[in-house]
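The next block holds one structure in the form of structure tokens; read it before the comments.
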Amino acid sequence: MSSTVEVSPRRRREIVDALRRGTVPQQGLDVMAVGLDKFTTAIDDELQTVRDGGSQFKAVRGEYGSGKTFFARWLTERAKQANFATAEVQISDTETPLHKLEKVYRRIIESLATPGVSSGAFSDVVNGWFYVLEQDAAQGVIADRHTIQRRTNELLESRLAGVSKEAPAFAMALRAYRDMVARGRHADADGLLAWLGGQPNVSAAVKRAAGVKSNLDHFGALGFLQGLLTVLRDSDYSGLVLVLDEVETLQRMRSDVREKSLNALRQLMDEVDSGRFPGLYLLMTGTPAFYDGQQGVQRLAPLAQRLQTDFSTDARFDNPRATQIRLSGFTQSTLVELGSRIRDIYAQGSQNSDRLHAVVDDAYVAALAAAVGGELGGKTGVAPRIFLKKLVSDVLDRVDQFPDFDPRRDYQLTVSSTELTAQEIEARSRGDRRAATSVDDVALDL
């Protein structure tokens, strides 16, 4: 069923190790992107628009287990291949509430990744930007160090002119950071870089030396985001792909907090539409209940109007260019295709490749997928995570290590509540309690 997908040993390890833990791999998602082909052209076109100086907003909807986080990471990985920086923010009521944009910005900086740095890339980006400025300042001239410094300062002022109007403190802190580095005051420079990243616990002495006073607040966060985009574009990055994941958590917050958060989301969308953030691709994920229910988007009419998309037609004809797109989740056939791909990837790094393919053939993969779906109330759509975890850790690992292990004879599927998410437990409780608990319980048409 599956076609051979060649991956490097490192990517193979990353994929297999993540699936063994029951998590979404950080890299290598292109080889697992079953069913996403229909979005590829539209996503690439939108990334090109952002690369050309535009901005883009995209909302993704899907039930729990439909692959929203996977889709987001697949998109960010694709963006990195086009030289974008990326950041992922999990929305929560404590760590990153959407109505406190200073906390969202801080998390953006903490998770900032580039094609060469997996996270925490802010320092590299800023230092790289100053290097680019100096290279541009020295372009076509023979000058001494003092002249190049002066020309670099002039370029810095020119490129930060727009940011200075919206976030003068961001531009001021960048100037001071460069001066501190030049003077060898590296500890102070690091403290100032932390302040630029939205960190609240920076010494008063460092801020005083830079001419800045207070910590970043909600209103200043958008200006700092604008500054970050300027630095990224001037450093020859294509832009920034920002993922706001699990936005549906807003529904569980206090009503006043929820209202503020929805307004913050509307503000972000308006700012993207207005062109304030050239080089920004903003991706948001949420459940259908969040988009359609009265505890979510529908509570704020202007936001609901911006996100309104007709999903009453056949999903086959969904428009991938629409502001809001839906993920239909896995079917039995796509789940089996994914499982077979993972088996092939696993086998590439094993000395027992032939045995893995023979024992864990497509028929067995299909049986295991059906059994896991049965354990989760027949909900194939919520089964991918636990199915892949069982496939890797319970089946493939054992077949690889024990020559006499035959999963059809020696393995009985067990799914404990302790290894399930709240949504998977809910699906299980709603399902038929007589669901198959063993691969042998699933009738196969062989």
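The values are calculated or read from the model by the stated rules, or taken from the named source; none is laboratory data. All of these numbers come straight from a predicted model, not from anything done at the bench. For neighbour counting, all protein chains shown are included, and Cβ atoms are generated from backbone atoms with ideal geometry for every residue, glycine included. The area values use the complete protein model at the heavy-atom level, side chains included, leaving out ligands, DNA and RNA. Shrake-Rupley method; radii C 1.70, N 1.55, O 1.52, S 1.80 Å.
When the helix-only estimate is applied to the chain (DSSP H runs of n ≥ 4, each -39,500 (n - 2.57), divided by the residue count), what is the mean residue ellipticity at 222 nm, nearest 500 deg cm²/dmol? Walk me through the numbers before you get to the answer.
On the way: 21 runs with 234 residues, N = 446.
That calculation yields -16000 deg cm²/dmol at 222 nm.
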Notebook entry, point to check: Considering only the other residues whose Cβ falls under 12 Å of the Cβ of Asp217, what net charge follows from Lys and Arg at +1 and Asp and Glu at -1?
Noted result: +3
Notebook entry, point to check: When all alpha-carbon pairs of segment 198-299 are counted, what percent fall beyond 23 Å?
Noted result: 43
Margin query: Given the options Thr323, Gly53, Leu413, identify the residue whose Cα lies farthest towards the positive end of the charge dipole of the chain (+1 on Cβ of Lys, Arg; -1 on Cβ of Asp, Glu).
Written below: Gly53
Margin query: Over segment 242-307, what is the relative contact order in percent, taking alpha-carbon pairs closer than 8 angstrom and at least six residues apart?
Written below: 47
Item checked: Spatially proximal lysines relative to Lys390 (Cα-Cα < 20 Å; intrachain offsets below 8 disregarded) -> Lys379
Next item on the list: Using the Cα centre as the reference, give the magnitude of the dipole from point charges on the C-beta atoms of segment 156-259 (Lys, Arg: +1; Asp, Glu: -1; all else neutral), rounded to the nearest 20 debye.
Entry: 460
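Hey, could you grab the Kirkwood Rh for segment 266-403? Inverse mean 1/r over distinct alpha carbon pairs, Å, one decimal.
Working: mean 1/r = 0.0547 Å⁻¹.
With all distinct Cα pairs of segment 266-403 included, I get 18.3 Å.
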Next item on the list: Please give every one of the lysines within straight-line cross-link reach of Lys165, meaning a C-alpha to C-alpha distance under 26 Å, and leave out same-chain neighbours fewer than 8 residues apart.
Entry: Lys100, Lys103, Lys207, Lys213, Lys260
Next item on the list: Provide, for q = 0.09, 0.15, 0.18, 0.21 Å⁻¹, the log10 of I(q)/I(0) from a solvent-free Debye sum over equal Cα point scatterers in segment 79-200.
Entry: -0.31, -0.82, -1.10, -1.32
Item checked: Å² per residue, accessible surface of segment 298-379 at 1.4 Å -> 44
Item checked: Carbon and sulfur %, accessible surface of the chain computed with the full protein complex present, 1.4 Å -> 47
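Taking each full run of DSSP H in the chain as one helix, which ones are at least 30 Å long along their axis (Cα atoms) and have mean Kyte-Doolittle hydropathy of at least -1.0? Don't skip to the end; give the middle numbers.
Values: long enough: none.
Both cut-offs are met by no helix.
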Item checked: Proximal lysines relative to Lys38, as straight alpha-carbon distance under 18 Å, when same-chain residues fewer than 8 apart are discounted -> Lys58, Lys68
Item checked: Given charges at Cβ of Lys, Arg, Asp, Glu: segment 41-151 dipole, positive-most of Phe71, Ser119, His99 -> His99
Next item on the list: Mind putting a number on the dipole of the chain about its Cα centre? Charges go on the C-beta only, +1 for Lys and Arg and -1 for Asp and Glu, and I need it in Debye to the nearest 20.
Entry: 1240
Note to self: Starting from a Cα-only point model with no solvent, please compute log10 I(q)/I(0) by Debye for segment 1-154 at q = 0.13, 0.15, 0.18 1/Å.
What the structure shows: -0.80, -1.00, -1.27
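I'm a student and want to see the number: the projected area of the Cα convex hull of segment 7-62, averaged over all directions, in nm². Present the calculation step by step, with values, prior to reporting the outcome.
Numbers: hull surface 21.4 nm².
Computed as one quarter of the Cα hull surface, the answer is 5.4 nm².
Normalised by the empirical 2.2 N^0.38 Å for globular proteins, what value does the Cα Rg of the chain take?
On the way: Rg = 24.9 Å, N = 446, 2.2 N^0.38 = 22.3 Å.
Dividing the Cα radius of gyration by 2.2 N^0.38 Å gives 1.11.
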Notebook entry, point to check: So what is the orientation-averaged projected area of segment 167-213, using the convex hull of its C-alpha atoms, in nm²?
Noted result: 2.8
